[in-house]
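Heads up: the structure comes next, in structure tokens.
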Amino acid sequence: MIPRCDRRLLPVGVLVSGRGTNLQALLDSSKAGLIPAEVRVVISNHKGAMALTRAKEAGVPSFVVTSREFGQWPACRRPYEQKIVEILKKFGVELVVLAGYDRLVGEEMLNAFPQRIINIHPSLLPAFPGLHAQRQALEYGVKIAGCSVFFVDESVDGGPIILQAAVPVLDDDDEETLSARILREEHRILCEAVKLFAEGRLEIKGRRVRILP
Ligand code: GRF
């Protein structure tokens, strides 16, 4: 059990694209006082994202920013990200969490939030980066799958790893059952990583992230 925290709350901005169960885990942990952080703003790049409903229900301001508003990809990337950064800054965000955000992060965001953007990925990185990680794991035939939280850099799912959790692959697993078991661990380690960050306990040295006592 994580002890209840009553200190200053770290302002967090969450970027989403879909269902938003990882966002929900953060909202719930924050509300329960289990992490010294609060979600100040949610930004989705898809209008119909379920995550937006979750934000609304939690009383957290949310915005839709689509790249299309700014023209063709990749030319629109800079103004698109500038808009996102503008909103995050307006809400005083100090940590950006990508929680099922389906766009690669570019220079504008990385420069605005250096070593302050984290992402959750449903594999034990560096195995199976990119899309459909759980399907990749099943197709490869690994016996242990899992998830990783990492600091975002310019690579695809290649930044320094903060936490990982292993999940066994069962003989009768399909993509759905494996994803569901991994997802439970995602929620746990994402909240734990935000807690560690908020407590100032993450130290990045090259590719390695040390967890300070
Ligand atoms: C999760 O599996 C996450 O690891 C991946 O996208 C999925 C998002 O799920 N990046 P949700 O929207 O948080 O439910």
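Read-outs: derived from the displayed coordinates by stated rules, not from any lab. Every value quoted in this text rests on a predicted model; they were computed, and no experiment measured them. Methodologically, a virtual Cβ is constructed for each residue, glycine included, from the backbone with ideal geometry; neighbour enumeration extends over all protein chains shown.
Restricting the first member to region 131-142 and to residues that are without any contact (Cβ under 8 Å) to a residue 40 or more places away in the chain, and the second to residues that are within 10 Å of the ligand (Cβ to nearest atom) and among the polar types (S, T, N, Q), the beta-carbon pairs closer than 6 Å and six or more apart or on different chains are ALA133/SER123. Residue check: ARG19 meets all listed conditions (1) buried (at least 19 other Cβ atoms within 10 Å of the Cβ); (2) touching a residue at least 60 places away in the same chain (Cβ under 8 Å) but one, namely (1).
Just one of the numbered conditions (1) within 13 Å of the chain's Cα centre (by Cα); (2) within 24 Å of ARG210 (Cβ to Cβ); (3) within 11 Å of the ligand (Cβ to nearest atom) is not true of SER123: (1).
The rows are residues; the columns are (1) under 13 Å from ASN22 (Cβ atoms); (2) in a strand (DSSP E or B).
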| site | (1), (2) |
| --- | --- |
| ASP172 | no, no |
| ARG184 | yes, no |
| HIS187 | yes, no |
| GLU192 | yes, no |
| LYS195 | no, no |
| GLU203 | no, yes |
| ARG210 | no, yes |
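Scanning region 134-167 for residues that are in contact with a strand residue (DSSP E or B) (Cβ under 8 Å, 6 or more places away or on another chain), of a type in the set (D, E, K, R) and surrounded by fewer than 18 Cβ atoms within 10 Å (Cβ to Cβ) turns up just one, LYS143.
Which of the residues that make up region 49-77 are of a type in the set (D, E, K, R) and either within 18 Å of the chain's Cα centre (by Cα) or within 18 Å of GLN24 (Cβ to Cβ) (or both)?
The answer is ARG54, LYS56, GLU57.
On inspection, SER29 fails the criterion of being out of contact with any Gly (no Cβ under 6 Å at 6 or more places or on another chain), buried (at least 16 other Cβ atoms within 10 Å of the Cβ) and without any contact (Cβ under 8 Å) to a residue 40 or more places away in the chain. Pairing each residue of region 62-73 that is farther than 17 Å from GLY20 by Cα with any residue that is among the polar types (S, T, N, Q) and in a helix (DSSP H, G or I), provided the two are 6+ apart or on different chains, yields C-beta distances under 8 Å for TRP73/SER67.
Would you mind stating whether LEU212 is among the aliphatic types (A, V, I, L, M) and buried (at least 19 other Cβ atoms within 10 Å of the Cβ)? Can you show your working first?
On the way: among the aliphatic types (A, V, I, L, M): yes; buried (at least 19 other Cβ atoms within 10 Å of the Cβ): no.
When the stated conditions are applied, LEU212 does not pass them.
Every listed requirement among (1) in contact (Cβ under 8 Å) with a residue 60 or more places away in the chain; (2) within 14 Å of the ligand (Cβ to nearest atom) is met by GLU94 save one, (2). Among the residues making up region 151-187, a single one is farther than 26 Å from ALA112 by Cα, more than 13 Å from the ligand (Cβ to nearest atom) and in contact (Cβ under 8 Å) with a residue 40 or more places away in the chain: ALA166.
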